[in-house]
Amino acid sequence: MKPLLLTVLSFLILSTYANHPPKPGFITGTPDIQSISTMEFGPDGILFIGDSYSGKIVAVDTKDITENTTTEGIKVEDLHGKIAALLGTTADNIIIHDMAVNPISQVPYLAVSKGNRRELGYWRLPNDVSKANLIIKVNSGGSMEEFSLENISYSETTLSSIIEMDKGETYRKSSLRVDAITDLVYFQNKVYVTGLSNEEFASSIRILDFPFNDRQNASSLEVYHAAHGEYETQAPVRTFVPYEHQGASHLITAYTCTPLATFPLDKLKDGGLVKSKTVAEFGAGNIPMDMIVYQKNGQDYLMIANSTRNLMRVKIEDVFNMDTGLSSEVEGFDTAGISFVSLPSNGVQQISYLNSKNILALVLAPNGLVDLRSLSTKWF
Amino acid sequence: MVLIKYCVLAWLLGLGPALLWAQQVTLIEDSSHVYFGELIVEGINWSEDEWKEMAQDPQNMGANYLQVYVGKDPSGHQQPAMWGKYAASEHAMRFKPRFPFEFDQDYYYRFKHNQHRTEGSFRVEDRYPATRPRLLSLEPKIPVVPANILRFYLHFSTPMRRDSPYQYIHLIDQQGDTVKQAFFPAEPPLWDRQGKRLTLLFDPGRIKSGLESHEAWGLALKTNQQYHLVVEEKFSSYRGQTLSSSVSHSFVVGPLDIQSPQINNWKISAPKAHSQDSLMITFDEPIDRAQAMRWIQVQQSQDKPTKGKVHFSGEGNWVFKPDLPWGIQPYEIMVNNQLEDLAGNSLRKPFEMSAGGTDTLTPAGWITWPFHPVE
């Protein structure tokens, strides 16, 4: 999804030393993963898997640490059709839940399920329809192979106070538990996890040390939803990125329907409630699906993939130049706050940083098929 | 064993000795067959080197000989071959798809070995009528179950949708409240290969003392209370047809069962020689029937199994009806000592026995129990 540009370089350097040593705290076996709700790469080819159903974060040592310095893109047409052929079914029975690119090898990993794609809808996300239980690697030539979760080297930790199974339904008509883990990011030796907790203010962010230990920090989040004209603590962050600005670390978060908000990490206190600053309202009727940081002409940008709105580009500088957050209602699908560029791609639901010249995206092509395509940072 | 032949004779292109070998490609559709759901090519004359390679690395070598595609004829499409596991034996090879072949879906296979080529299409006919699925039975169907019962089995009339079944199954206590996290949400869910039987496992962590969730939550079931296991109407078949109504099964919870079944207390009623009368075992307590189906067998001697059909009587007795009349010679009933009662206590050890205590145990294996048909 969105490996941080800043950390990419350090991964590359680390990778030259990596020689498959057993990692501390890792065991060999088959982790009990019930659903791959979200996944993200960390250092040394470690893939973090967030599993909303088991309430666990599983760190998997993929041993995929062969450095790849190409600046070429990757293209696979009709991704669902190709995966369907491999799994012995038809494209309408394939759902792609998430994508993460290994920053060392530039290999994309897809979280996939055999689910009924026709059940996806305006407000029905992949995790609402089925549980991803298969990881597929896309090789440079476009061929694919399964990344088996059997007998692997892994380490795991269970989130405390995760939202209960029977707590209720989302507006998308699925169990709230589906959103127990919505996104995660590895940043500065820690894993940040967003989702729903069992607390009064359910929208939470957790900070886990990595390598995992028993320590967990959990804070609740409050954000102003301009399209609803309300401060909310129940809706979870859908996607987020960490970002260093003027010596301080921040998180930039995106919520359904569609506020963009930020807060400095030093505001997070275990058990506390953090109020973030809403810097933009990108318009109602939309779920932000994915967000990455990338560079273009020496400047840092955010790219945001959406469920119903176009792919968007935001100058990160603008996020931090906005002194006062939004606090009044925005009506009628309008937008407000910092500006964004609407990029010429709709139906892009997954994006990942591939290399300095390319963003990898799942793109709905005009022929109705979904392609894996590389969006050149020269244009995008 | 029912073998459905899709391509009986190979398409032979070679001449000379090669003609002696004809490949036969079969899809195993009998669900009781050990290779159910696999495609088998028989009649392959491996050279010594080929056989060595196949035996060493069937996965990579197998894909060189046999490919299976989605569709009736892959020639017009640029699509990759299906993923699956390859295995080889002396004159045959097998392909087990990564996910089971789907009903009413066309597939195409290509086999090539030296000059021999055979190819063709097949499909797994959907033999189930397009009617609403029914919950045929729920086991164990006894009025009182132990408080530490480990499993329920749901048997459906039709293959069901495999993903996320747990959302449609609820355990309700006598106050009408849902018992939370009673079942272990195994992923993938514990369906049999046909997708008709679902194993519902009570969370073993809550049952076994000393484990975190046992200490935090305790047993899901309380002794002397009544419960309802409710299967929602929304539960659907693989075709998307739902049950016609929700189904509720009531039961009362008895005390804990921490004892292993004692085979010495089992009784057999031996059949008459030269008859096809049933052989019956009466247990000392209810046994896990799914396990008993495969872990109690009859044989005349080693490697000479006696074929027959097993069912359970209304009282829960194991009943075996031989395909052929009994002889007069002695037979053996073979019972695997891993066979469990309803609470997971096996003949070998009680469920509660910790792993540390297993050194002194009898190893897992078969118990031989001889009997003579009555003259």
Collect the residues in segment B:152-178 that are at the interface with chain A (Cβ under 10 Å from one of its Cβ atoms) and β-branched (V, I, T), keeping them in residue-number order.
-> B:T178
Report whether or not A:T278 is part of a strand (DSSP E or B) and either of a type outside the set (A, V, I, L, M, F, W, C) or modelled with pLDDT of 95 or more (or both).
-> yes
Restrict the check to segment A:78-89 and report whether at least one residue is away from chain B (no Cβ under 14 Å) and under 23 Å from the mean Cα position of the chain (by Cα).
-> no
Counting only residues in segment A:289-314 that are free of Cβ contacts under 8 Å to residues at least 40 places away in the same chain and crowded, with 17+ Cβ neighbours inside 10 Å, the one farthest from A:T278 (Cα to Cα) is identified as A:N310
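Step by step: first the residues of segment A:122-136, then only those that are of a type outside the set (A, V, I, L, M) and facing another protein chain (nearest Cβ under 10 Å), then the one that is surrounded by the most Cβ atoms within 10 Å (Cβ to Cβ). Which residue is that? Give the steps one after another, and end with the answer.
Taking segment A:122-136 and keeping what is of a type outside the set (A, V, I, L, M), we get A:122-124, A:126-128, A:130-131, A:133.
Going one step further and asking which of them are facing another protein chain (nearest Cβ under 10 Å), we end up with A:130-131, A:133.
Details: A:S130: 23, A:K131: 26, A:N133: 19.
Step by step, filter segment A:122-136, then rank; the result is A:K131.
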All but one of (1) away from every other protein chain (no Cβ under 14 Å); (2) farther than 25 Å from B:P188 by Cα; (3) in a strand (DSSP E or B) hold for B:R94, so report the exception by its number.
-> (2)
Only residues in segment B:193-222 that are under 19 Å from B:T178 (Cα atoms) count as the first member; pair them with residues that are modelled with pLDDT of 80 or more and assigned to a helix (DSSP H, G or I), Cβ under 9 angstrom, at least 6 apart or cross-chain, and list the lot.
-> B:L200/B:P165; B:L200/B:Y166
Scan of segment A:270-282 for residues that are out of contact with any strand residue (DSSP E or B) (no Cβ under 6 Å at 6 or more places or on another chain) and surrounded by fewer than 22 Cβ atoms within 10 Å (Cβ to Cβ), ordered by number = A:G271
Looking for whichever is within 14 Å of chain B (Cβ to nearest Cβ), crowded, with 17+ Cβ neighbours inside 10 Å, part of a loop (DSSP other than H, G, I, E, B) and not β-branched (V, I, T) here; the options are A:S54, A:S105. Which one fits?
-> A:S54
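Quick one: which strands (runs of 3 or more DSSP E) sit completely within segment A:147-224 and have at least 1 residues that are farther than 25 Å from A:V107 by Cβ? Outline the logic, then answer.
Values: elements: A:152-158, A:183-187, A:190-196, A:203-209.
Counting at least 1 such residues, we get A:152-158, A:190-196, A:203-209.
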Exception for B:S32 within (1) part of a loop (DSSP other than H, G, I, E, B); (2) modelled with pLDDT of 75 or more falls at (2)
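Conditions (1) under 24 Å from A:F41 (Cα atoms); (2) basic (K, R); (3) touching a Leu at 6+ places or on another chain (Cβ under 9 Å), marked per residue:
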position	(1), (2), (3)
A:K269	no, yes, no
A:F282	no, no, yes
A:G285	no, no, no
A:I292	yes, no, yes
A:K296	yes, yes, no
A:M312	yes, no, yes
A:F320	no, no, no
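Given the condition surrounded by 21 or more Cβ atoms within 10 Å (Cβ to Cβ) and either within 14 Å of another protein chain (Cβ to nearest Cβ) or assigned to a loop (DSSP other than H, G, I, E, B) (or both), answer yes or no: does some residue in segment B:129-137 qualify?
First, pick out the residues of segment B:129-137 that are surrounded by 21 or more Cβ atoms within 10 Å (Cβ to Cβ): B:133.
Still in the list and also either within 14 Å of another protein chain (Cβ to nearest Cβ) or assigned to a loop (DSSP other than H, G, I, E, B) (or both): B:133.
The answer is yes, given that some residue of segment B:129-137 is surrounded by 21 or more Cβ atoms within 10 Å (Cβ to Cβ) and either within 14 Å of another protein chain (Cβ to nearest Cβ) or assigned to a loop (DSSP other than H, G, I, E, B) (or both).
The values are calculated or read from the model by the stated rules, or taken from the named source; none is laboratory data. The model shown is predicted, which means the values in this text are computed figures rather than measured ones. With ideal geometry, Cβ positions are generated from the backbone for all residues, glycine too; neighbour counts draw on all protein chains shown.
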